[in-house]
Amino acid sequence: MFFPLFIPIPFPCNMFGYRRHRIYRESSPDQSIVMLGTLPNDFLRITPTQAQSQEEADRATAIHLQHQMMTRVGRIQVSVVSAVLNKNYGMTRMDPYVRMRIGHNVYETQTDVNGAKNPRWNKTFQVYQMPKGVNSMRIEIYDERTLTDDELIAWTSIQIPEAIYQGEVVDEWYSLTGKLGDGLEGTINVILSYSTAPAPVAPVVMMHNMYPCSGFASVPVYTVPPPQQPQSTSPQPRPISEEDLKQLGEMFPAVESDVVKSVLEASYGNKEVAINNLLQMQDT
């Protein structure tokens with residue numbers, strides 16, 4: 001007769017109970033610690049030193065000044081060409097010159113000695129940053145005297161045409177007022193144009209140790225690199241008309257027609273550029 005053999009095997013009493021339960025509790029997400037609320041402003045931020053703060057302030061100042069220097073402003077170009085007067089005042093031929101007033105700014109041409117009733121100046125003025133609210137200019141013609149004060153012989157007020165702000169060149173003859181009456185003293189030829197150009201500003205120099213007693217350490221000053229200039233392309237030549245040649249010939253009678261034509265061709269048919277080049281030729 002056989003009896004079953006039982007061999008007892010010892011097991012830890014907490015092998016499947018307490019230990020498993022403890023592992024489960026430790027890995028359960030319900031027992032994770034969660035922080036609620038708004039993070040502080042200095043969370044994960046390092047407080048800058050005094051030198052770093054001064055460096056950042058210098059960099060912001062340099063960028064601001066650079067933007068100011070890069071600002072473009074409007075420029076009105078005024079060319080006082082010539083005049084046709086109806087009367088010669090005085091015992092001798094007059095020596096006329098022009099005084100132009102725009103806002104509080106005053107511009108003068110050279111004197112055309114013995115210009116009499118047909119003076120020519122061919123003088124160009126560059127007017128930057130027109131005063132706010134100013135939309136006209138006053139033209140005055142004086143006769144330069146030697147022994148007495150210069151005499152005002154004619155004048156006019158010119159409204160700055162809106163067409164120049166659209167890129168047009170306005171070439172007009174304006175009536176002059178004087179002793180003979182309103183608009184009866186003669187006419188004057190003035191050419192107006194408008195363009196944008198960089199503002200003429202002085203370079204800004206910031207010393208390496210500008211504030212020696214402020215307690216800040218010397219730090220380099222940041223500057224903004226100049227913007228890359230677009231590649232220039234050759235302007236497209238404009239067709240040269242006989243009317244343009246005739247008009248330039250009347251404005252510059254002392255210049256040969258072939259020279260006027262060559263200057264206009266070299267200016268790619270741009271009459272305004274050709275006028276400036278011819279004026280510069282006469283000044284030299």
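Treat each spin label as a single point 7 Å out from the Cα along the C-beta direction, and report the Q52 to D182 distance in nm.
Reported label-point gap for Q52 and D182 is 7.4 nm.
Given the stretch 79-133, report the % of alpha carbon pairs whose separation exceeds 20 Å.
34 percent
What span do the alpha-carbon atoms of the stretch 89-191 cover on each of the three principal axes, reported in whole Å from largest to smallest?
46, 24, 22
Mind ordering 238-249, 115-126 by average Cβ neighbours within 10 Å, highest first?
By packing density, highest mean first, the sequence is 115-126, 238-249.
On a 1.4 Å probe surface of the protein chains, which of K271, K132, K261 comes out largest in accessible area, and what is the full order?
K132, K261, K271
What FRET efficiency, computed as 1/(1 + (r/R0)^6) with R0 = 22 Å and r the Cβ-Cβ distance, is obtained for V259 and R238, rounded to the nearest 0.05?
For R0 = 22 Å, the calculated efficiency reads 0.70.
Nearest 0.05, what FRET efficiency do R59 and L39 give at R0 = 45 Å with Cβ-Cβ as r?
0.95
So if R0 is 45 Å, what FRET efficiency would D150 and Y268 give, r being the distance between their Cβ atoms, rounded to the nearest 0.05?
The calculated FRET efficiency here is 0.60.
Test of understanding: what is the full-extension gain from T92 to E172, defined as 0.36 nm times their sequence separation minus their Cα-Cα distance?
The T92-E172 span can extend by a further 25.9 nm.
With all protein chains present, how much of the accessible area of the stretch 105-161 (probe radius 1.4 Å) comes from carbon and sulfur, to the nearest whole percent?
44 percent
Under the 0.36 nm per residue contour assumption, what length would be gained going from the current alpha-carbon distance of Y165 and R101 to full extension?
Value of the extension gain: 21.0 nm.
The values are calculated or read from the model by the stated rules, or taken from the named source; none is laboratory data. Computed from a predicted model, the values in this text were never measured in an experiment. FYI the Cβ positions are ideal-geometry reconstructions off the backbone, even for glycines, and counts take in every protein chain you see. The area values use the complete protein model at the heavy-atom level, side chains included, leaving out ligands, DNA and RNA. Shrake-Rupley method; radii C 1.70, N 1.55, O 1.52, S 1.80 Å.
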